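Accompanying notes for the structure given below.
The values are calculated or read from the model by the stated rules, or taken from the named source; none is laboratory data. Remember, predicted model here, so these are calculated numbers, not experimental data. All Cβ positions, even for glycine, are placed from backbone atoms using ideal geometry, and neighbour counts span all protein chains on display. Remember, those area values only see protein heavy atoms, side chains included, never the ligands or the DNA or RNA. Shrake-Rupley method; radii C 1.70, N 1.55, O 1.52, S 1.80 Å.
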Amino acid sequence: MKKQAERKKGMARLLELAFIKKGLSISACVLSVISVAASFSPYIAIYFIIRELITHFNDLSALNTAYMVKLAWIAAGGSGAAILFNWFALLCSHIAAFNILYKLKLDFMRHIAALPLGFHTASSTGKLRKIVDENIEKLEGFIAHQLPDLAGSAAAPISALTILFVFDWRMGLASFVPILASYALQATAFSSKPAKTFVTKYQDMLEEMNTAAVEYVRGVSVVKAFNQTIFSFRKFHETIVAYGKFVRSYTESFKTHFTLFLTIVHHVHIFLLPVIIFLVTPSGAVDYGNFAISSLFYIIYSFSLATPFVKMMYVAGNARQIADGVARMDAVLDSPPLLESTNPKTIREYPVSFENVTFSYNAETEQSALQGVSFTAKQGEITALVGPSGGGKSTIAHLIPRFYDVASGVIKIGGVDTRDMTTDYLSRIVSFVFQDIFLFKQSIADNILVGNKNASREEVIAAAEAAQCSEFIERLPNGYDTIIGANNTHLSGGERQRIVIARAILKNAPILVFDEATAFSDPENEYKIQSAFEKLIKDKTVVVIAHRLSTVRSANKILVIEKGRIIEEGDHKSLLARRGRYSRMWEQYNTALGWTLTREKKEENHV
Ligand code: ADP
């Protein structure tokens, strides 16, 4: 995979992508150039016809009709050839475009699949969706349409210029100068600072709108439940309004330049006429016959100049936007995938150890989320992580299944660096149950089967029973075959977590990383999750982010994590005896618990 520094940018990158299918893209360009050249031939043929007419104006019988008919055929043939060559050019460019798009999408999907899991938690689905659905898709426009246009438009000025200066250089200059001036006008407008930052800002705003839209759709149920109006999704609304404002003000800023540009390129003859009048004055030595013919030619020809120049302008403008989209795709492609060991190892024992581990989510902008963390979680034991929010517990949990790679230090399982195992092997030996539960819109059985797709129906049911799920599953209309989310079958948070536990039981990996749910704390559910958890952890290496007293108390080892460091370590008793951070947390916890109980009692009395 190329590094960012080596990547081409802007138009150079677009052309690099377009020429992935070299043969087809080159053919498209060549055919397009021929088409443009052919499209000028009617003007020249008509010029010669008019010249013949004017030359023999006094004696029409002297007209060389055979010659004129030939010219008429050239004009008609030129127009036909222009259309035909353009058609073939577009055929080649479309085949090239769809093949390139297919390859890019495949490469992109392969790459995001190889990225560390942590990448997917950090970047929003809206952003990735936009890259695949829109940014890559827009390349089709560039390769299939604008590339041949670009080749044709680049050829157009060259042939146009040659033709312009062949007959009368003065009139050629009079036609050329306005076009040059209008281009200079556009160039100054495009190189202004707001124009330069526009494309990036524009894409940023589209991404924000996309993300907000995804959030909006996901949250619709909450809005309905709380009877909120659409404006409760202020963020979504605000991103749309901000986008509208931005685009309007940007468009307005271009109003004068663009109108002038279009006016000039479409009306070159207005600049040409005064020059013709000036040249025809008696002072200019003039052969009137030839002069009239040349003038006529330039006036007719000036109308054909606008199309390629306007096209070129649009190509330049669109290419900028497409190139920015491509740059966003490249940024994802440049995120390094997890390096796979060339000499992967396997293990027989499963203790997890952190040795002086330091890690930061963004090395350039943030201080370390973990600093010099060392501990061992033994097999057959529970290691509990506790501490204030933001301390680094989840970061430790995420590093074990290699959501990210450490900045320094090493994480070993069974004495082997996790980077020396294949990611596939690592994912087989580590199960993780985190709070952001994701269930597929598939049957309950299929969702449990994610843990081990080769398991039998009986094993699925056994896992569900062990995870305390069977009771609620059997109540569902189609039992294990009920599709989650369909026909109003929605599961509670606790039920969802128990399904994920059933998945983990079925997977039966020797290491379990578990984030206890804080959200589903009704006593019955808590008791059930606890029983499921106990079945799950038997003989395993368990690292748990503990929120429950029962877990903390039964843990063999407790690590108190604060500001990315382990500040205390030991079992419940020894830590209480130390009278340090843990014992203070414990006291606070008990006070809070006491407060809840007392309040509940009072309320009961009240009733
Ligand atoms: P805890 O689980 O103890 O609440 P975390 O491990 O989630 O703590 O967070 C530790 C630090 O890392 C915090 O400062 C948090 O803001 C930061 N952090 C956590 N996740 C990310 C992420 N995906 N990107 C950037 N920073 C993060």
Name every residue in the stretch 365-397 that is among the hydroxyl-bearing types (Ser, Thr, Tyr), more than 9 Å from the ligand (Cβ to nearest atom) and open to solvent by 50 Å² or more (accessible area, probe 1.4 Å), in order of residue number.
Thr365, Ser374, Thr376
Do we find a residue being touching a Lys or Arg at 6+ places or on another chain (Cβ under 6 Å) and in contact (Cβ under 8 Å) with a residue 12 or more places away in the chain anywhere in the stretch 282-298?
yes
From the set of residues in the stretch 559-575 that are within 14 Å of the ligand (Cβ to nearest atom) and surrounded by 19 or more Cβ atoms within 10 Å (Cβ to Cβ), which is nearest to Ser408 (Cα to Cα)?
Gly564
Looking at (1) within 16 Å of the ligand (Cβ to nearest atom); (2) open to solvent by 70 Å² or more (accessible area, probe 1.4 Å); (3) touching a residue at least 24 places away in the same chain (Cβ under 8 Å), which is the only condition Ile95 fails?
(1)
List every residue pair whose Cβ atoms sit under 8 Å apart, with the two residues 6 or more apart in sequence or on different chains, where the first one lies in the stretch 471-492 and is open to solvent by 100 Å² or more (accessible area, probe 1.4 Å) and the second, anywhere, is part of a helix (DSSP H, G or I).
Pro477/Asn487
Report, by residue number, each residue of the stretch 461-490 that is touching a Gly at 6+ places or on another chain (Cβ under 9 Å) and over 20 Å from Val430 (Cβ atoms).
Ile473
Counting only helices (runs of 4 or more DSSP H) wholly inside the stretch 410-518, the ones holding at least 2 residues that are polar (S, T, N, Q) and in the same structural domain as Thr358 (by TED's automatic domain parsing) are 423-429
Within the stretch 402-413, work out how many residues are more than 11 Å from the ligand (Cβ to nearest atom) and buried (at least 20 other Cβ atoms within 10 Å of the Cβ).
4
Check off (1) without any contact (Cβ under 8 Å) to a residue 60 or more places away in the chain; (2) surrounded by 20 or more Cβ atoms within 10 Å (Cβ to Cβ) for Thr197 and give me the number that stays unchecked.
(2)
Of the residues in the stretch 338-364, those that are within 16 Å of the ligand (Cβ to nearest atom) and either surrounded by 12 or more Cβ atoms within 10 Å (Cβ to Cβ) or touching a residue at least 60 places away in the same chain (Cβ under 8 Å) (or both) come to Phe354, Val357, Thr358, Phe359, Ser360, Tyr361
If the requirement is being more than 16 Å from the ligand (Cβ to nearest atom), open to solvent by 10 Å² or more (accessible area, probe 1.4 Å) and either part of a helix (DSSP H, G or I) or closer than 17 Å to Met11 by Cβ (or both), which of these qualifies: Ala144, Ala155?
Ala155
Kindly check whether there is at least one residue in the stretch 281-288 that is in the same structural domain as Leu180 (by TED's automatic domain parsing) and buried (at least 18 other Cβ atoms within 10 Å of the Cβ).
no
